[in-house]
Structures are given as structure tokens and as C-alpha cells.
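Readers should treat all values here as calculations from the given coordinates under stated rules, not as data from a laboratory. All values reported here derive from a predicted model rather than from experimental measurement. Heads up, the Cβs are rebuilt from the backbone with ideal geometry, glycines too, and the neighbour counts pull from every protein chain shown.
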Amino acid sequence: MRLWLLALILIGYTGAASLVLAWPRSYVASAVVAPAESTGLAVSTLIATLSLSQGGAGLFDTRPTGNFAIYLSALRSPEAAAMLAAETTILADITRRRGDGFAGRVRDALGLRMQADRDDVQTYLERRLAVTQSLVATTWNLDLQYPDRDVALDLLVRLHDFAEAHVRAGLAGLVERRLSVLEARAATERDVFQRVPLYELVAQHQRALAVLRSDETVAARMVSAPVVEIRPSIPNRSLLLLLLAVALPMAVLVGAACLVLLRTPPAPQPLPSR
């Protein structure tokens, strides 16, 4: 079986390597962000009436909290997908890639849907946008994969700006609603002892609104500006070919060993009579 096994390994590796080499490659756009709450000049610190640190228990909690948690959630939100679908060419790109190659011809023959929609953009964000926390610092890495280099960088910048604007709009709306209620209450309050704390609250919310309108960073501070690699790196063809060179011969040898063990042994020959 040696020659047959060798031929099977060569044929299998050639076919698998052809698929790996034909797999479209993507560029990775990266950025490093840090929670704005980690600095003393954060908007959440300036507009809060009490200190944000409630004891020392939060020092051991590495999960994102506050405005930064809302920022991370907004990156993959349906609103972000709708924004990309309306302002970029991602829908046309997804539709074009679906119709390319052998997979596109199969999809067309089966009558499957070719036109991309917002759900496809959301699925793309959930699969291609990686958000990982650094193990050595309070920073987070944003990595976005896309076949086009310039589009990858543009998408990442748009997502960051959208998430920042989303958090800012939510905070500004909250402060404006509170401010309108406090101003109306202070204008109708006759008791002097009640009007003084109301005016203090009005002053605090006016300061919060001024901070929101002046500070450029609300949720995430940009540690490293978005950049995109010069050469595409996804998928890693060298690593995949090396893994195939190791895994495919092992799989063929294991299959051959199972075949030999499961093969029915030949019937014993009767002994010659004396």
C-alpha cells in the first residue's frame, strides 16, 4: 500500500494547497484604544457628582464598564451596520464577492440570494471585527479584516467615530433632559432653601454639558491611530500549508492503519492429510 498511500497524500496535498492559494486574502486595519474613564480628565469624571471609584474592588475587575462598555457594544450594533451600509460601498462589495468564482456560480445555479443587506453587514462585523484586551496594559486592540486596503482603514475609522458619537449623543441627551427639568423646577420654586440646591444642580449639569461639547473624547481615547498593513496577512498561507504538510500524511496513515486492522483476515488453509 505504500505507493497508493504516497499517491493519495500527493493528490490530497495538491488539492488542499490549491484551495489555500486560491483563498482571497484580506488586509487588517488596527487601532489601539483605552477607556476614557482611566484618566482623571475623563468626561465621566468631570460630570459626575460623586467619585467613580467605589472602593478597591473595581481595581481587580478587567471588564469594560461605563461609557467604554457602551462604545464597544456600539461597534457591532445594528446602527453601526446601517451606517456602513448607507455611507460605504460594503453592500456592493459583498454582493460582488458572492458572485465571483466557483462558489458564485453554484449560488447562482441554486437560486440563492445574491444581493447583500444590512444583516449581512452585521454578520460581517461580528465575524471580522476583533476586539481584544491587552494583557499588559489597560488598552484594547481593534482589528478589522477587509479585502481592500483603503476600505479597511476607512471602515475602522468610521466605526470608531460612530461609537464615540453614539456615546456622546446619549450623554448629551441625558444631561439636556435633566437640565430642562431642573431649570423648570427652579423657576417655579418659591422656597429659598429649596432653590439653592436646585441652582447648584443646574450649575453642575451646565458644566457637564459644556464638558461634553468641548472634549473630543467621551468613551475611548485613541492610543494608536488606525493603520492598515501594507501586505495582506489573512489567511496565513504559509502556516496553513505547513499544517497541511503535517496533518494530511498523518490522517492518511491513520486511515490506512484502520483499514488494515478492519480488513477480514484470509481463511486458514486446511492442513494436508497424512
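At-a-glance table
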read-out: Cα-centre dipole for the range 133-274 with unit charges at Cβ (Lys and Arg positive, Asp and Glu negative), debye to 20; value: 720
read-out: Amide proton proximity set for SER26, modelled H, under 5 Å, gap of 5+; value: SER233, ILE234
read-out: Label-to-label distance, nm, for residues given as ALA172 and ASP148 (7 Å Cα→Cβ offset); value: 3.0
read-out: Long-range amide H partners of VAL223 with built H, under 5 Å; value: VAL32, VAL33, ALA34
read-out: Two-site FRET efficiency, ARG25 against SER224, from Cβ-Cβ distance with R₀ of 22 Å, rounded to 0.05; value: 0.40
read-out: Vicinal HN-Hα couplings computed from phi for the range 176-187 (Karplus, 6.51 cos²θ - 1.76 cosθ + 1.60; Hz; Gly/Pro x); value: 5, 5, 5, 5, 5, 5, 5, 5, 5, 5, 5, 6
read-out: Most positive-pole-ward Cα, GLY255, ILE94, PRO235, against dipole of the chain from beta carbon charges; value: GLY255
read-out: Sites ARG105 and THR14 - FRET efficiency at Förster radius 22 Å, r taken between beta-carbons, to 0.05; value: 0.45
read-out: Hydrodynamic radius (Kirkwood) for the range 120-195, which is based on Cα pairs only, to one decimal in Å; value: 16.4
read-out: Pairwise FRET efficiency - SER73 versus ARG190, Cβ, R0 = 30 Å, nearest 0.05; value: 0.10
read-out: From the coordinates shown, Rg and Dmax of the Cα atoms in Å corresponds to which of (1) 30.2, 130; (2) 24.4, 78; (3) 20.8, 68; value: (1)
read-out: J(HN,Hα) series, the range 29-37, from Karplus relation 6.51 cos²θ - 1.76 cosθ + 1.60, nearest Hz, glycine and proline x; value: 9, 10, 8, 10, 10, 9, x, 5, 5
read-out: Separation in nanometres of the label points that stand 7 Å from Cα toward Cβ, at LEU242 and VAL181; value: 6.0
read-out: Long-range amide H partners of THR139 with built H, under 5 Å; value: SER134
read-out: Computed lengthening from GLN115 to VAL136, 0.36 nm per intervening residue step minus Cα-Cα distance; value: 3.2 nm
read-out: Assigned charges on the beta-carbon of Lys, Arg, Asp, Glu; the chain dipole about Cα centre (debye); value: 1280
